[in-house]
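Novice: Quick one: structure below, then a few questions.
The values are calculated or read from the model by the stated rules, or taken from the named source; none is laboratory data. Because the structure is predicted, anything quoted here is derived from the model rather than measured. Here the Cβ is made from the backbone with ideal geometry for all residues, glycine too, and neighbour counts use every protein chain on show.
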């Protein structure tokens, strides 16, 4: 009887072969590249989440647990460049993202590809906020718990306020920045536009008395547009500046 490791090896070999087959097919049928990159993205995400679990444990043991999300994000960036050819480039000549600590980082939220945007731009000593249901997601949820993500129950206002208060204390006491999507959900917009902002990020910045650093991501519907099965390789720019909310 085959062991679990053998079944896993068979699955990974078959999954990789399927990705390569779709990439080969895309030379004749361009839309096949969409399925190749979607499959490759999921593999890269799971791989980086697994790396993140071990990295989070290791960094905690040596006293650097606060940079676990940064380290894992950079591994995801590498996996995605190698498997899909998609990347984000931070155009920040004054290095607001790298030098501003602590801060509340905010970014526009276009699609699931924004996980890569965070992996490419996430600064050291920063934690992501996430909806509480992600705790139950295998691999990704484990990594987020171990790396100190701040989970918010959006259906419970009291829990959300408590999470924000905890985040403000973390920012002040440990100089740990926080990153949020103020739109609250993905816009899936083909044009450069924003959904209405939620107030949480701005209340948090005022409560913690720290600056807001917007990370403005260019519209990338020319790279990823699910409705037309478009997913191409390319580099997407991000710009940033500093805002003082108080």
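Novice: Exactly one of these conditions fails for residue 198: (1) more than 19 Å from residue 118 (Cα to Cα); (2) out of contact with any helix residue (DSSP H, G or I) (no Cβ under 8 Å at 6 or more places or on another chain); (3) surrounded by 14 or more Cβ atoms within 10 Å (Cβ to Cβ); (4) at pLDDT 90 or above. Give me its number.
Specialist: Residue 198 satisfies every listed condition except (4).
Novice: Kindly indicate whether any position in the range 65-83 is farther than 27 Å from residue 227 by Cα, exposed (fewer than 15 other Cβ atoms within 10 Å of the Cβ), over 14 Å from the mean Cα position of the chain (by Cα) and in contact (Cβ under 8 Å) with a residue 12 or more places away in the chain.
Specialist: The answer is no, given that none of the residues of the range 65-83 is farther than 27 Å from residue 227 by Cα, exposed (fewer than 15 other Cβ atoms within 10 Å of the Cβ), over 14 Å from the mean Cα position of the chain (by Cα) and in contact (Cβ under 8 Å) with a residue 12 or more places away in the chain.
Novice: If residue 208 satisfies all but one of (1) crowded, with 20+ Cβ neighbours inside 10 Å; (2) under 19 Å from the mean Cα position of the chain (by Cα), what's the number of the condition it fails?
Specialist: (2)
Novice: Could you check the range 108-131 and list, in sequence order, the residues that are modelled with pLDDT under 80 and surrounded by 17 or more Cβ atoms within 10 Å (Cβ to Cβ)? Show your work before the answer.
Specialist: Here is the first cut: in the range 108-131, the residues modelled with pLDDT under 80 are 129-131.
Within the range 108-131, 129, 130 qualify.
Novice: For residue 33, state whether it is in a helix (DSSP H, G or I), more than 22 Å from the chain's Cα centre (by Cα) and within 24 Å of residue 188 (Cα to Cα). It would help to see each step written out before you state the result.
Specialist: Details: in a helix (DSSP H, G or I): yes; more than 22 Å from the chain's Cα centre (by Cα): yes; within 24 Å of residue 188 (Cα to Cα): yes.
Taking the combined requirement at face value, the residue satisfies it.
Novice: Pairs, please: C-beta under 6 Å, at least 6 apart or cross-chain, first residue at positive phi and in the range 148-172, second at pLDDT 80 or above and not in a helix (DSSP H, G or I)?
Specialist: 148/127
Novice: Taking into account only those residues within the range 211-246 that are at pLDDT below 90 and in a loop (DSSP other than H, G, I, E, B), which is surrounded by the fewest Cβ atoms within 10 Å (Cβ to Cβ)? Talk me through it step by step, then tell me what you get.
Specialist: Applying the first criterion (at pLDDT below 90) to the range 211-246 yields 240-246.
Those left that are additionally in a loop (DSSP other than H, G, I, E, B): 241-242, 244-246.
Values: 241: 14, 242: 14, 244: 9, 245: 15, 246: 11.
It comes out as 244.
One line per residue, one yes/no per condition, for (1) within 16 Å of residue 87 (Cα to Cα); (2) touching a strand residue (DSSP E or B) at 6+ places or on another chain (Cβ under 9 Å); (3) surrounded by fewer than 10 Cβ atoms within 10 Å (Cβ to Cβ):
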residue: 3; (1), (2), (3): no, no, yes
residue: 8; (1), (2), (3): no, no, no
residue: 11; (1), (2), (3): no, no, no
residue: 16; (1), (2), (3): no, no, no
residue: 25; (1), (2), (3): no, no, no
residue: 37; (1), (2), (3): yes, yes, no
residue: 40; (1), (2), (3): yes, no, no
residue: 46; (1), (2), (3): no, no, no
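Novice: Give the range 183-203 a look and list any residue that's assigned to a loop (DSSP other than H, G, I, E, B) and under 18 Å from residue 166 (Cα atoms), or say none. Full working, then the answer.
Specialist: Within the range 183-203, the subset assigned to a loop (DSSP other than H, G, I, E, B) is 183-199.
Correct list: 199 only.
Novice: Now, a different point. Being modelled with pLDDT under 95 and more than 24 Å from the chain's Cα centre (by Cα) is the requirement here; does residue 11 meet it?
Specialist: Details: modelled with pLDDT under 95: yes; more than 24 Å from the chain's Cα centre (by Cα): yes.
Answer is yes for this residue.
Novice: With the condition kept exactly as written, say whether any residue in the range 49-57 is closer than 24 Å to residue 123 by Cβ, in contact (Cβ under 8 Å) with a residue 40 or more places away in the chain and surrounded by fewer than 15 Cβ atoms within 10 Å (Cβ to Cβ).
Specialist: Yes: one or more hits.
Novice: What are the residues in the range 48-83 that are in contact with a strand residue (DSSP E or B) (Cβ under 6 Å, 6 or more places away or on another chain) and at positive phi, if any?
Specialist: The answer is none; no residue qualifies.
Novice: Considering (1) crowded, with 17+ Cβ neighbours inside 10 Å; (2) in contact with a helix residue (DSSP H, G or I) (Cβ under 6 Å, 6 or more places away or on another chain); (3) more than 19 Å from residue 235 (Cα to Cα), say which one residue 88 fails and leave the rest.
Specialist: Here residue 88 meets the rest and fails (3).
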